[in-house]
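Below is one structure, written out as structure tokens; the observations come after it.
The values are calculated or read from the model by the stated rules, or taken from the named source; none is laboratory data. Quick caveat, the model's predicted, so the values are computed rather than measured. So basically every Cβ, Gly included, is an ideal-geometry build from the backbone, and we count neighbours across all protein chains shown. SASA here: full protein model, heavy atoms, side chains in, ligands and nucleic acids out. Shrake-Rupley method; radii C 1.70, N 1.55, O 1.52, S 1.80 Å.
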Amino acid sequence: MSTIRITKSILVTGGAGFLGSHLCERLLKDGHDVLCVDNFFTGTRNNILHLLGNPRFEVMRHDVTFPLYVEVDEIYNLACPASPIHYQFDPVQTTKTSVHGAINMLGLAKRIKAKIFQASTSEVYGDPQIHPQPETYWGHVNPIGLRACYDEGKRCAETLFFDYYRQHRLKIKVARIFNTYGSRMHPNDGRVVSNFIVQALNNEPITVYGDGSQTRSFCYVDDLIEGFIALMDSSDELTGPVNLGNPNEFTILELAEKVIDLTGSTSQIVFKPLPLDDPKQRQPDIKLAQEKLGWQPKVPLEEGLKDTVAYFDKLLKAQNVS
Ligand code: NAD
Ligand code: UDP
């Protein structure tokens, strides 16, 4: 029996970034036409170089804070810097990207009647007082802190998604993404996994902020992308928000030790001040995703880290040669 494949035309904003490039790759593999829209603030052409020869792949340089006029069946809205260093570089632009970007993409979705997915974040829970965090938790966010441009921007974007859903009956899918890692993370984005791996490969000190007892739960990128597709393809009634992440929780100190082990590095751990408003613990409650999407992460931290180390090793060697 032959299976019928429906080819869709899909817009990915932020498609040249870490997650966006993996998503574009996956959607192309599934036989869809993909339009990648990016202003290349943190994304790079290198992330999508291997896709450029594909006739079903198109790239458009565009800033989502300005209106966009295209015709597609589905939209994945990922455009937004995600690492604290990058989103705090120009906090006003970060809020604009989240809020104006959401308004523009929702307006586009409304006009062309497209289903739209929002890459929201565990940061909407702030420094959580409930652990692990279920989707029903309203969060504990400092609205005037250094992380607020990102956290509150993403919270407002969620509000807009649900208002468009209630007011205009738009088909929406809101994913709350927890810390994800893998190849094509930016080597200088300051996020903990990339920082530790680059430091370890260079045999430089591993910078643990605070005493390293704060926790995070790290999801491998392939698992997350699987979750994106499962959510987008789920029934229209499931709007989200749905937590997507790996519930296995580690302290930052444990992560540092694992990275040193895996790289065989001679790096020493050094302790640096904890950034302001740094959440003390974070772990997704993924019951909703398990129940409604049949999704849960499969890749253990060590396995995902090995792939990520191999990626950065190659990248650093290429940089040293050039
Ligand atoms: P990233 O920085 O690698 O990718 C973001 C992409 O958006 C980049 O290519 C960047 O150039 C582009 N961009 C930024 N501002 C833009 C604008 N105004 N117009 C057009 N393009 C713009 O980050 P990422 O880790 O791939 O994150 C992708 C999305 O997932 C973000 O919305 C982020 O908030 C969300 N998210 C990521 C994580 C994670 O752990 N990686 C966790 C939670 C949420
Ligand atoms: N962190 C660290 N050393 C680093 C970079 C980050 O100890 O070199 C810590 C950071 O303070 C936080 C955790 O690692 O507690 C995760 O930081 P990241 O920026 O990756 O993500 P987020 O805080 O947004 O979860």
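Below are the figures for this structure:
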quantity: Qualifying residues in region 184-228 (those that are among the small types (Gly, Ala, Ser) and more than 19 Å from LEU244 (Cβ to Cβ)) - the one farthest from ligand 2 (Cβ to nearest atom); calculated: ALA200
quantity: Residues being open to solvent by 30 Å² or more (accessible area, probe 1.4 Å), among the charged types (D, E, K, R), within 13 Å of ligand 2 (Cβ to nearest atom) and under 30 Å from THR239 (Cα atoms) - total across region 252-306; calculated: 2
quantity: Conditions (1) more than 13 Å from ligand 1 (Cβ to nearest atom); (2) in contact with a Leu (Cβ under 7 Å, 6 or more places away or on another chain); (3) open to solvent by less than 10 Å² (accessible area, probe 1.4 Å): number failed by ALA175; calculated: (1)
quantity: Leading residue by the ranking (farthest from ligand 2 (Cβ to nearest atom)) among those in region 33-50 that are open to solvent by less than 20 Å² (accessible area, probe 1.4 Å) and not aliphatic (A, V, I, L, M); calculated: CYS36
quantity: Test: residue in region 51-65 that is within 11 Å of ligand 1 (Cβ to nearest atom), free of Cβ contacts under 8 Å to residues at least 60 places away in the same chain and under 16 Å from the mean Cα position of the chain (by Cα); calculated: no
quantity: Number of the exception - ASP211 against (1) open to solvent by 60 Å² or more (accessible area, probe 1.4 Å); (2) without any contact (Cβ under 8 Å) to a residue 60 or more places away in the chain; (3) in contact with a Phe, Trp or Tyr (Cβ under 8 Å, 6 or more places away or on another chain); calculated: (2)
quantity: Leading residue by the ranking (nearest to THR7 (Cα to Cα)) among those in region 74-94 that are among the β-branched types (Val, Ile, Thr) and touching a Phe, Trp or Tyr at 6+ places or on another chain (Cβ under 9 Å); calculated: ILE75
quantity: Residue count for region 68-114, restricted to those that are in a loop (DSSP other than H, G, I, E, B) and open to solvent by less than 50 Å² (accessible area, probe 1.4 Å); calculated: 10
